[in-house]
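Please treat every number below as a calculation from the coordinates, not as lab data. It should be emphasised that the depicted structure is a prediction, and the values quoted were computed from it without experimental measurement. Backbone-built Cβ (ideal geometry, glycine too); neighbour counts: all protein chains shown.
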Ligand SMILES: [Fe+3]
Ligand SMILES: [Mg+2]
Ligand SMILES: [Zn+2]
Ligand SMILES: [Zn+2]
């Protein structure tokens, strides 16, 4: 026996090349001992002179995909043996962690570009630091046999790389080469280089279906406006922005890029990042009316090689029928995308799990997640202090932007973006995801949580699970999700939650969506709200912004203006429906207020062709200036001198119309002033709760906070009080399940 | 009309308004019916009942009396029965005009004659103001299912075709328009009609018909769900093929209502083997209440009990049974 150290490493440390990293590090420091995986992470027994510096290096030199949460060292007596070895995993649940898919690393990239390398031009190169993970996983533990790489038997060369601790591919499960790995082809093809033929289709203005990591994309040349229009027409997608893929140089040529944005684009997660357009040198059809474009860097060798061949940015939009989930199977693609695509760039590695591209942006307040999927899932979030003894819980989220959340062993796992649950295939995907996550993570929930809305499909599903159901008010869930992602302790005290959202069912049976809630994980009170107005035609009002403008204008005594602005609509019936309450419930949604203001400023009674279109238009339109700021502050003063619980909109609309017509203010100024007004109105109410000692901080959540301008102005209006915002999980309904889960957890641990 | 206690005034009312129209020759309180109709070996008796409330009681295309006869006749017909006899019971709110009652009774008589059924027994009660809304009607019906006829949702097979006899949602739309608090076009009239003859004609032309349902409350969506559920198969309908009147479609759009859930009073859904669909359609189209008959969907070997609608651009949306009042869900 000798004296050495036992080092416990916690965090994302399995399946990321951590043990070979430790092995190499131990060699460097001349240590003897062993390293192994166990259910808590990685365990090291080391003996030698320099164990302290060794422990420091674990943190500072960790492999790219690792996330080291803790390195805990204690002295120990053991028999180190002669060298340092990688020992067998120990304990049930070891090797059960899985990291998100990761973009091609620079070492692999060098190889595929090197004519002398055996992986030159190979579309499926990867290593421990990069490559497919969650999208190829069928079951845990994460071994090749449990992935869609199982049919590809390793050649001798790949096998020796896989077996050598010093190699970058040591235990890299998806390791592959042209000899033994997946193959690429194009359909219909001429028998030449698939990339060459694919590039030809794109150069001709054709639509190319590309099988990627988490599903098929439809690609067209992003510099060719006719090709883009063709794709819009074939996809029946008139206006929703298309995502783009390009090299960093291409992105920089067309968009403004900050260092933070470059870093985000280059993360292993390789999300789509919304970036401000530089000029109008790319066709406007890419994102009509938007000031931003969504860009991602190539994230597989296949994408790199395709871009290298075509040498121009590509539209990369998800390959699906309108509203349906992205296609993942080859036959499915031939069947469904046949009508859209002129050719298919295909391969024979199956996609085990559909994962959309994640969508994020950098705001003045940091990172913002709009859609959480590939590259981010299944990353876990440690639960805040106080939730240690929480039983396993599964939460089923909302109706739109559905995602499931698991709570287990003090961690929350927010699942991938699924979509809108009335869509039959999305619903199947939701049920599949529930089974899938339960099986992968060995989850059998003792409690399930869902939205309060009885007609959300996910709420009905929760009732079938045979365990106690905790229904959670929609905006309370938004608040709690933001608390949890910010690590707010279970008993950290109450906060003021400014929840600006689309629609959520309130505890009083009314439709909410613009609230100041005072509360925490345990409960809430509704302390302020937007003045309600009828939602004419229920969900129809979410599709047609003019309906919301009509009720706000009528309410403000501006019916004459509604008559003028929306003359082509059946206003009489709409007004009668509002008056009689026929399918027109009272609604305090700020999302609908955005719709209303957008319809007035845009002078349009057109329906939205995608969710959030009007609000995005308004944000894109808003132009900051001193005058605009002053105008918004002035509006706020006129309406908010002694703020009561109800935020009036009458004066807002009177000023808006007056300043637009007689005041001669420009629409960009008015759009900005509206954001300013809104931020002040809600901030005032939240601030009061903090000043009165009722709340300790302010939380900003709900779908409207995808609007970076609103977020920024609200944070500004809150001055120096502590503000919690979303930076890791979506402020929209994609984060709802996390909030539901922690509220159910709070209930369980307080019992 | 005064609240009667069963005295002479009441007797007079019953005699003059009801009995004299429905069964002038009857002097007894019960119907005495010949069993001749049941003599055919293998024939089965069908017996059904329904209560009817509608506001307003008179509307474009019908009134509560017509619905009360058609509803029960159609219940029998979609089960494959030939309707023979009806009973009719009335709960009348004090103060209701006698003239209104006479109109309702006349329309019941006319509809019964058209359907070839007799209203053979009935009852009348008058209740205090506010305890009923003008008049409520309950009818029960007896019919005979001829031997060998067996319409059952379990008979449905994947590959079958789903037909309807006409436009969807006319009744629901007409009622909404007739309520009068909306400036809705009143050009839509209720589809209220008896479908006995139509079912007979279809069964003669397409004897392989698997099942039929009348799509009343809860609309076509609800009966399709019932059929899919009972058959253990899925049904897919096509948005582009939905037979909707322009006015109804427009009304649904403005009010945010789904025409698949609007009530009908003379619309049925039929499931037919594919090779008999044309014959069934032709038979329906030859009759006025089947003039707009068409295919709306097909039966698939999909998720049992699921009804989906293929939308304009190719996605498939789940069409549920109507649960309650539809609350907005778009966030
Ligand atoms: Fe929400
Ligand atoms: Mg019945
Ligand atoms: Zn790599
Ligand atoms: Zn190989």
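Computing FRET efficiency as 1/(1 + (r/R0)^6) for residue A:276 and residue B:12, where r is the C-beta to C-beta distance and R0 is 56 Å, gives about 0.05. Each 10 Å bin from zero holds the following percent of Cα-Cα pairs in region A:581-631: 21, 44, 28, 6, 1. For region A:652-751, treating each Cα as an identical point scatterer without solvent, what Debye log10 I(q)/I(0) comes out at q = 0.10, 0.12, 0.13, 0.22 1/Å? Here the Debye-derived log intensity ratios amount to -0.39, -0.54, -0.62, -1.14. Given a Förster distance of 30 angstrom, what is the FRET efficiency for residue A:107 paired with residue A:411, based on the Cβ-Cβ distance and rounded to 0.05? It comes to 0.45.
GNM on chain B, alpha-carbon springs under 10 angstrom: the most fluctuating residue among B:278, B:253, B:229 is B:253.
Structural descriptor for region A:533-724: relative contact order 21 percent, calculated from alpha carbon pairs under 8 angstrom and at least 6 residues apart. If the chain linking residue A:262 and residue A:85 were pulled fully straight, counting 0.36 nm for each residue of separation and taking away their Cα-Cα distance, it would gain 59.8 nm.
Working from label points 7 Å from Cα in the Cα-to-Cβ sense, the residue A:646 to residue B:313 distance is 3.9 nm. The reciprocal of the average 1/r between distinct C-alpha atoms defines the Kirkwood hydrodynamic radius, which for region A:428-473 equals 11.1 Å.
Counting Cα-Cα pairs of region A:367-508 in 5 Å increments starting at 0 gives whole-percent bin shares of 2, 9, 18, 24, 23, 16, 6, 1, 0. Computed as a quarter of the hull surface, the mean projected area of the alpha carbon convex hull for region A:332-383 stands at 6.4 nm². The sum of -39500 (n - 2.57) across all DSSP H runs of n ≥ 4, divided by the residue count of chain A, sets its helix-only mean residue ellipticity at 222 nm to -10500 deg cm²/dmol. Once region B:8-145 is represented by equal point scatterers at the alpha-carbon sites, with solvent omitted, what log10 I(q)/I(0) does the Debye formula produce at q = 0.10, 0.11, 0.15 Å⁻¹? Debye curve over Cα of region B:8-145, log10 I(q)/I(0) at q = 0.10, 0.11, 0.15 Å⁻¹: -0.33, -0.40, -0.72. Note on chain B: GNM, Cα springs under 10 Å; of B:273, B:259, B:56, the largest mean-square fluctuation is that of B:56. Can you give the log10 of the normalised intensity I(q)/I(0) at q = 0.14 Å⁻¹, computed with Debye over equal Cα scatterers of region B:153-318? With one equal scatterer per Cα and no solvent, log10 I(q)/I(0) is -0.68.
For chain B, adding -39500 (n - 2.57) for each run of n ≥ 4 DSSP H residues and dividing by the number of residues yields -8500 deg cm²/dmol at 222 nm. The distance between label points at residue B:249 and residue A:662 comes to 4.5 nm (points 7 Å beyond Cα on the Cα→Cβ vector).
At full extension, residue A:510 and residue A:334 could sit 58.8 nm farther apart than now, given 0.36 nm per residue minus the alpha carbon distance.
Taking each residue as 0.36 nm, the span from residue A:467 to residue A:24 lengthens on full extension beyond its C-alpha to C-alpha distance by 154.7 nm. Give me the tail of P(r) for region A:11-50 as a percent: Cα-Cα pairs with distance above 13 Å. Within region A:11-50, distances greater than 13 Å cover 49 percent of Cα pairs. With a bin width of 5 angstrom, please list the P(r) values of region A:184-347 as percents of all Cα-Cα pairs, from the 0 bin to the one holding the largest distance. It works out to 1, 9, 20, 23, 22, 15, 7, 2, 0, in whole percents. Scaled against the 2.2 N^0.38 Å expected of a compact globular protein of N residues, the Cα radius of gyration of the protein assembly as shown reads 1.08.
Under the criterion of Cα pairs below 8 Å and six or more residues apart, the relative contact order for region A:2-86 equals 49 percent. For chain B, the longest principal axis of the Cα atoms and the long axis of helix B:246-255 meet at an angle of about 90 degrees.
Using C-alpha pairs below 8 Å separated by at least 6 residues, the relative contact order for chain A is 11 percent. How large is the translational diffusion coefficient of region A:322-414 in µm² per second when you combine the Kirkwood radius over alpha carbon pairs with Stokes-Einstein at 20 °C and 1.002 mPa s? Rounded to a whole number, D works out at 130 µm²/s. Between residue B:36 and residue B:129, the simple spin-label model (points 7 angstrom out along Cα→Cβ) gives 5.1 nm. With a ≥ b ≥ c the root eigenvalues of the C-alpha gyration tensor of region A:563-604, is it rounded (a/c under 1.5), prolate (a/b larger than b/c) or oblate? Verdict is oblate for region A:563-604.
On a per residue basis, the convex hull of the C-alpha atoms belonging to region A:2-86 measures out at 79 Å³. Summarised in one figure, the compactness ratio Rg/Rh of region A:533-724, Cα atoms and Kirkwood Rh, is 0.97.
Against the main long axis of the alpha-carbon atoms of chain A, helix A:51-60 sits at an angle near 40°. Partner shielding of B:312-322 amounts to 6, given as the average count of beta-carbon atoms from other chains within 10 Å of each residue beta-carbon.
Against chain A, whose longest principal axis is taken from its Cα atoms, helix A:590-602 shows a tilt of about 70°. Calculate the FRET efficiency for residue A:637 and residue A:603 from the Cβ-Cβ distance with a Förster distance of 35 Å, rounded to the nearest 0.05. With a Förster radius of 35 Å, E is 0.85.
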